[in-house]
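The values are calculated or read from the model by the stated rules, or taken from the named source; none is laboratory data. Keep in mind it's a predicted model, so treat the numbers as computed, not measured. Counting neighbours? That spans all protein chains shown, and the Cβs are built from the backbone with ideal geometry, glycine included.
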Amino acid sequence: MSENRADVLVIGGGIAGMTAAIEAAEAGCRAVIVEKSATLGGRVAQMHQYFPKLCPPACGLEINYRRLRANARVEVLTLAAVESVSGSPGAYDVAVKISPRYVTADCTACGECAKACPAERADEHNCGLSKTKAIYLPHGSAYPQRFVIDMAACRKGCDACVQACKYSAIDLKQQAETRTYRVSSIVAATGWAPYDAAKLDNLGGGKIQNVVTNVMLERLAAVDGPTGGKILRPSDGKPPRSIAFVQCAGSRDENHLPYCSGVCCTASLKQATYVRSQYPDARITMFYIDVRTVGRLEEFFTKVAAETGIELVKGKVAKIEEVPGAADVKLSAEDVMAGTKSTYQVEMAVLATGLVPQTAGLPAGFATDEFGFLTNGKSSLCAAGSVRRPVDVSAAVKDGTRAALKALQAAAHAAEGSAQHA
């Protein structure tokens, strides 16, 4: 194993991680991005639109991809994970394991291999709502724009993809490799995952077909999603004529996530506009404890709440059940303002599941708060984005820039120390 040198190593290639690496590199540092999946982009790549402008995330991602392609000081490692970290601030030795992709840089993403592949797998980019072939492109705007093979889904002895590839870009004998890096600082930008809806038994999470999560609805609305951008009921593929958004599904609950997940209210308001734009006559109800839309997002809340056909009910949903024979869902909820408890029947319900910081596998030295989010300690070990606190995309980008500044400071201190010992 040969040692490579860099100023900053960023764990996580989502919007915050990319920003940290790019900003540090454009300031003159050498950066390495270590991303566990086959593509950069993280959760942002799964979104249909940003709020409050309601523009597609592809433009923001493509700008970052262009900056990466233009900057030789950033090295991108996908299907990679940090195995070990040793050393001290300013001089960390990091071992990174890179799993085989089985597809080389000669890939043109023509797709002939996938056409020939006989095996399928669940598509995690679409939250399991659709399938891909065992050899697949993670999504249309993936970076790198290269296919990857899920060997666990392959049929034993099959080489149909190899035979179909006229560029000889498939190597089924690829092996994992380990690279070591000497770096001045490490940025953790490992992002978030949605709270497991299956744990929300009273809300039908994972059990009732027409109860979906906010992340799933984002994919249903996306033009590159499993339904081509049409929001349809999973049970029968029909447009929902009534839909309920259930806030704080797991958040602000001592039995699940005791904290507020920050962005769920605005995300549900945004998704209500998705439904309204596709089905102007649909009845939309949002059940909430408090609508938390701070700063400029307050105007977004006011605009959406004023739309005809959108009703906001202050009250917590206690239970969701499936209506026998109809596939509709029945919600039992309180109406705090009216002082009553009522039942509501809708054709589809969306759970605003909370954000869970992804800290598993991070090296020792990263401290967490009482909720599991990372806290900034040493200047050479810092966190960025939603692994540090629940944030929207705009705040994650700013946080990535902040982390880049800390990385620059650590690199400068390391250089000063080397000069003094020279």
Q | strands (runs of 3 or more DSSP E) completely within the range 1-111 that count 2 or more residues being over 29 Å from residue 265 (Cβ atoms) and of a type in the set (Ser, Thr, Tyr) | A | 80-88
Q) Looking at the range 299-320, which of its residues are assigned to a strand (DSSP E or B) and closer than 19 Å to residue 283 by Cβ? A) 310, 311, 312, 313, 314, 317, 320
Q) From 134, 142, which residue is small (Gly, Ala, Ser), touching a helix residue (DSSP H, G or I) at 6+ places or on another chain (Cβ under 7 Å) and buried (at least 20 other Cβ atoms within 10 Å of the Cβ)? A) 134
Q. Restricting the range 305-357 to residues that are acidic (Asp, Glu) and surrounded by 14 or more Cβ atoms within 10 Å (Cβ to Cβ), which is nearest to residue 242 (Cα to Cα)?
A. 347
Q.
modelled with pLDDT of 95 or more, surrounded by fewer than 21 Cβ atoms within 10 Å (Cβ to Cβ) and in contact with a Ser or Thr (Cβ under 9 Å, 6 or more places away or on another chain): is that true of residue 54 in this structure?
A. no
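In this structure, does residue 175 turn out to be assigned to a helix (DSSP H, G or I) and either modelled with pLDDT of 95 or more or within 21 Å of residue 361 (Cβ to Cβ) (or both)?
no
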Q) Can you tell me how many residues in the range 360-411 are in contact with a Lys or Arg (Cβ under 6 Å, 6 or more places away or on another chain), over 30 Å from residue 54 (Cβ atoms) and modelled with pLDDT of 90 or more? A) 2
Q) Of the residues that sit in the range 202-211 and are in contact with a Lys or Arg (Cβ under 9 Å, 6 or more places away or on another chain) and not in a loop (DSSP other than H, G, I, E, B), which one is surrounded by the fewest Cβ atoms within 10 Å (Cβ to Cβ)? A) 202
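In this structure, is residue 275 at pLDDT below 95, surrounded by 22 or more Cβ atoms within 10 Å (Cβ to Cβ) and either touching a helix residue (DSSP H, G or I) at 6+ places or on another chain (Cβ under 9 Å) or within 24 Å of residue 334 (Cβ to Cβ) (or both)? Break it down into steps so the answer makes sense when it comes.
On the way: at pLDDT below 95: no; surrounded by 22 or more Cβ atoms within 10 Å (Cβ to Cβ): yes; either touching a helix residue (DSSP H, G or I) at 6+ places or on another chain (Cβ under 9 Å) or within 24 Å of residue 334 (Cβ to Cβ) (or both): yes.
No: the conditions fail for residue 275.
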Q: Please give the number of the condition residue 163 fails out of (1) in contact with an Asp or Glu (Cβ under 9 Å, 6 or more places away or on another chain); (2) surrounded by fewer than 20 Cβ atoms within 10 Å (Cβ to Cβ).
A: (1)
Q. Looking at the range 361-375, is at least one residue assigned by TED's automatic domain parsing to the domain that holds residue 24, crowded, with 16+ Cβ neighbours inside 10 Å, of a type outside the set (Asp, Glu) and part of a strand (DSSP E or B)?
A. yes
**Q.** Close pairs (8 angstrom Cβ cut-off, 6 or more residues apart or separate chains): part of a helix (DSSP H, G or I) in the range 266-295, hydroxyl-bearing (Ser, Thr, Tyr) anywhere
**A.** 266/293; 269/293
Q) When residue 4 is evaluated against the numbered criteria (1) over 24 Å from residue 406 (Cβ atoms); (2) surrounded by fewer than 21 Cβ atoms within 10 Å (Cβ to Cβ), which criterion, by number, is the only one it fails? A) (1)
Q: Kindly establish whether residue 126 is crowded, with 20+ Cβ neighbours inside 10 Å and at pLDDT 95 or above.
A: yes
